[in-house]
Ligand code: HEM
């Protein structure tokens, strides 16, 4: 029977109405209080038995209901994205803080009262649809703005640079990183020979390699990642004046990551960790938020930098061009249907609106071709712009017609332009009516297969990134490279890579080499082997250019926001006999700070309290691990803590949290569990006197700090 329960299970969220939500509403199908029908609307009498010649006889071919059901099922799958196959998405809105008319004529950036609906999809790149969220990888950060002038897509990543400079190498990069073709191993991992073979021959990738070997490539949450447009774009104002611009998304909660050991374990405990995190945050109203940042560069300053603005392996240090915070992105509604929205959404860097344009970045230029091309096969034909999630809220009128799965019923006999029979409609807009005008960039060049001279500085910014990292961040990069190259079987590839790292920083190379049992080799011959056949290899070798900045604070996660425990998940580890009053006091304080406390216990149901009220258990120790939490609190209660101290799973839980440098607090007899776990009480918050304002305050402060890296060297030796 249809029930009220069905409604309660809807994801939605409390998103405000928007033109896009109103448009989507027309397509929502809701079975509540409805009878079962076929695709033709025929009511179905019996969905349990096929039509047979007698109760034990063969099924009849004429059973059109059975055939419809099976046929539809047989065709449920579509090809996954060739890259960025695994992702999760949400609806929301964007608003500017004040008019950006000084830079651009884009209508949605003029007025702070304009709320532009958006759909945002986050993704990993290399893995297939069913792979783990916690792969070491770049994360996609794609935003579709449904503006009144048409859709604008900012199809970016969580890392501000890219592996390669020219689209012509994209296929090679992706072939190298994807599972090796003979045995399709490994899934969603760059730690294998073909990837590092390619990288070791591509010095231009070294800056990006520094980023993907850093903890940026294993985020704590999509909500705690930066986003970048990567390429240099162009903003054009109402007078036609153009400026260069870099797009940034700055997360309200700061940039935080997990450790590699956690990433490996989360992949087993909850491979949907990021997807679930996004969904749950939105479902409870903790809406993820970012500020839009812009770095704007006058055209006259284009050539004043040590690097080329058109080179996507370079960033513009914030010390040279500060990031202006200009707007706010909020995600406030989960999709109703993963396939219809998240899977069928089609982003494209060439979806532009007047006032925002691309540049001649040779990677971006190739992307402009790639997305529609791939979507033609992924979504099965040329009409995917009519799928509800892809439709603009702006009106669509043109003479495109027919094709697979056409939805629009175009009226009239005129499907060409110019015409008189249709009154000349649809008419060209002209600039005054918002017609898109391409910036009249002056171009005077010869047809050549070459790159700009500054593109050949492959290592300076890789060194800048390395020098800007804190000591723990540097250590994590070294460990990541030891792991990745440790999985490489061919010794020459490992050696070549270490030689390449030596171009970035000698200490880095030595530390990686030591872990691999190698000496840092002197690279013989040219570093760059991807040289055109007839060219002089010398022309293509890296050159170093002095950078204006030696260190950049913005490149280190150590300088990120650390003032909030909001949405952090805290495990309260308890067993029968726990002090319910201590749980209550800690829980109240955590909830007031916006954190998410959950009780983890050896069994489900409720706990028998030693004092206070009986706490309900959220998770049993069997179903979670401390890697799924940001912090752990062990309340007192003699029977509870002695049971936990004697429970190997509980002990491991605490030990792992300690090893991963998380906030750990214990009160009263809870200290016995720390002792059983081999945790030095001086490194965590251990208070014999029980829960008081001092303990809750210090715990919340420690959670906001994300991790206590000072503990890492010592904690590494803890077996967990
Ligand atoms: C020449 C270089 C590149 C090519 C040829 C390329 C191609 C592709 C293709 C074919 C897809 C799948 C699209 C789909 O099936 O809908 C894709 C997705 C994506 N690409 Fe690229 N890409 C390139 C570089 C980049 C760069 C530099 C970035 C970041 C700035 C990027 C960000 C993304 C994102 C975020 C997605 C996922 C979009 C979604 O969520 O549906 N790509 N790319």
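Readers should treat all values here as calculations from the given coordinates under stated rules, not as data from a laboratory. In this text the structure is predicted, and so the values were computed from the model without any measurement. Cβ coordinates were reconstructed from backbone atoms using ideal geometry, including for glycine residues, and neighbour counts include every protein chain displayed.
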| said: If I take R0 = 41 Å and measure r between the Cβ atoms of residue 539 and residue 237 in this structure, what FRET efficiency does the formula 1/(1 + (r/R0)^6) give, to the nearest 0.05? | reply: 0.55
| What order, most packed first, do the peptides 113-125, 670-682 have when packing is the mean number of other Cβ atoms within 10 Å of each residue? | 113-125, 670-682
| Roughly what percent of Cα-Cα pairs across segment 454-529 reach past 21 Å? | 26
| For residue 490 and residue 698, FRET efficiency with R0 = 45 Å and r from the beta-carbon atoms, rounded to 0.05? | 0.35
| Label-point gap, in nm, between residue 638 and residue 467 - each point 7 angstrom along Cα→Cβ | 6.2
| Given a Förster distance of 45 angstrom, what is the FRET efficiency for residue 566 paired with residue 410, based on the Cβ-Cβ distance and rounded to 0.05? | 0.35
| said: Residues of segment 186-229 with backbone nitrogen within less than 15 Å of a virtual label 7 Å along the Cα-to-Cβ line of residue 264, please, listed as ranges. | reply: 189-192
| field | Calculated SAXS-style log₁₀ I(q)/I(0) at q = 0.07, 0.09, 0.11 Å⁻¹ - the chain, Debye, Cα scatterers | value | -0.57, -0.92, -1.27
| Rounded, prolate or oblate: which fits segment 268-315 when a ≥ b ≥ c are the square roots of the eigenvalues of the alpha-carbon gyration tensor, with rounded for a/c under 1.5 and prolate only if a/b beats b/c? | oblate
| query | Which value in nm describes the separation of the simple spin-label points at residue 550 and residue 622, placed 7 Å from the Cα toward the beta carbon? | reply | 5.9
| request: Rounded to whole Å and ordered largest first, report the semi-axes of the equivalent ellipsoid of segment 216-320 derived from its Cα gyration tensor (root of 5λ). | output: 35, 17, 10
| note | Note on segment 172-225: alpha-carbon gyration tensor, axes a ≥ b ≥ c; rule is a/c under 1.5 for rounded, else prolate if a/b larger than b/c, else oblate; result oblate
| said: Could you work out how much longer the chain between residue 33 and residue 65 gets when fully extended? Use 0.36 nm per residue separation minus the Cα distance between them, nm to one decimal. | reply: 9.4 nm
| query | So how far apart, in nm, are the two label points at residue 417 and residue 394 if each is 7 Å from Cα heading toward Cβ? | reply | 1.3
| Segment residue 377-residue 286, length gained on full extension (0.36 nm per residue, minus Cα span) | 29.1 nm
| field | Full-extension gain in nm, residue 185 to residue 559, via 0.36 nm per residue minus C-alpha separation | value | 130.9 nm
| query | Ranked from highest to lowest mean number of other Cβ atoms within 10 Å per residue, what is the order of the peptides 480-493, 71-84, 128-141? | reply | 128-141, 480-493, 71-84
